[in-house]
Amino acid sequence: MRKLKLQVQISVDGFVGGPNGELDWMTFNMDDKIIEYINSITDASDTILMGRKMTDRFVNYWTGVLENPESPEYLFARRMVDYPKVVFTKTLDESAWPNTVLAKGDIVEEVNHLKNQEGKDLIAYGGAGYVSSLIKHNLIDEYHLFVNPVAIGSGMTIFREFGGKFRLKQVDATPYECGITVHKYLPGSAT
């Protein structure tokens, strides 16, 4: 069975976006070691899962990078554009993005169907509401939280109320020169 891995940047105080989705607090000047880590997660995957609200920004950003073959992000952008993408939506009837299919059914059934297909692992990038649904239904097999050295005070969170505490089992924590510490967790249990 394929694993679903979550890769997300998060503030020290637990937010994945500002109150209106602002991302100006994120560390974008990443060092070579953290890029190697990102590549290892990406190389072990062959399908990207996202929520509808994040997809436009994601696809447009990486497609734009491909317009500059000299960009240090070019090879990674090629993968982001070429990898099949599954967008979870309740409102769209057809995809506006290349290499993308829509998942309109029950999130648990859709994700489990994808996990049971042949291939490499699946990787989820966001948005906040979509990722919260994955967490709520215990669909994530590995959490890769890129904790930025900044507190933003308020904003969007992926860890909403679950009727109790939400526990994770830490597997690794690695600080990088750019200031980000990557925490790798496996699911724990809600209590």
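Observations
- Exactly one residue out of D24, D56, D82 is loosely packed, with under 14 Cβ neighbours inside 10 Å, closer than 23 Å to I107 by Cβ and charged (D, E, K, R): that is D56.
- Filtering segment 89-103 to residues that are in a loop (DSSP other than H, G, I, E, B), surrounded by 15 or more Cβ atoms within 10 Å (Cβ to Cβ) and touching a Leu at 6+ places or on another chain (Cβ under 8 Å) leaves T89, S95.
- Pairing each residue of segment 80-103 that is over 22 Å from Q117 (Cα atoms) and in contact (Cβ under 8 Å) with a residue 12 or more places away in the chain with any residue that is assigned to a helix (DSSP H, G or I) and among the β-branched types (V, I, T), provided the two are 6+ apart or on different chains, yields C-beta distances under 7 Å for W97/T55; W97/V59.
- Screening L139 on (1) closer than 14 Å to I10 by Cα; (2) assigned to a loop (DSSP other than H, G, I, E, B) shows it passes everything except condition (1).
- Residues (more than 18 Å from the chain's Cα centre (by Cα) and either surrounded by 17 or more Cβ atoms within 10 Å (Cβ to Cβ) or in contact (Cβ under 8 Å) with a residue 24 or more places away in the chain (or both)) located in segment 133-170: P149, V150, A151, I152, G153, S154, F162, G163, G164, K165, F166, R167
- For segment 148-170, the set of residues classified as modelled with pLDDT of 95 or more and among the aliphatic types (A, V, I, L, M) consists of V150, A151, I152, listed by residue number.
- Close pairs from segment 118-132: first among the polar types (S, T, N, Q), partner crowded, with 19+ Cβ neighbours inside 10 Å, Cβ under 9 Å, at least 6 apart: S132/I158
- Residue check for V86: assigned to a helix (DSSP H, G or I), over 26 Å from T27 (Cβ atoms) and at pLDDT 95 or above: no
- Only one of S45, S40, S71 that is over 20 Å from K3 (Cβ atoms) and either touching a residue at least 24 places away in the same chain (Cβ under 8 Å) or among the small types (G, A, S) (or both): S71
- Criterion (part of a helix (DSSP H, G or I), in contact with a Leu (Cβ under 8 Å, 6 or more places away or on another chain) and under 20 Å from I41 (Cα atoms)) met by exactly one of V171, V131, V108: V131
The values are calculated or read from the model by the stated rules, or taken from the named source; none is laboratory data. What you see is a predicted model, and the numbers here were worked out from it, not measured in a lab. When we count neighbours, we look across all protein chains shown, and the Cβ atoms used for this are built from the backbone with ideal geometry, even at glycine.
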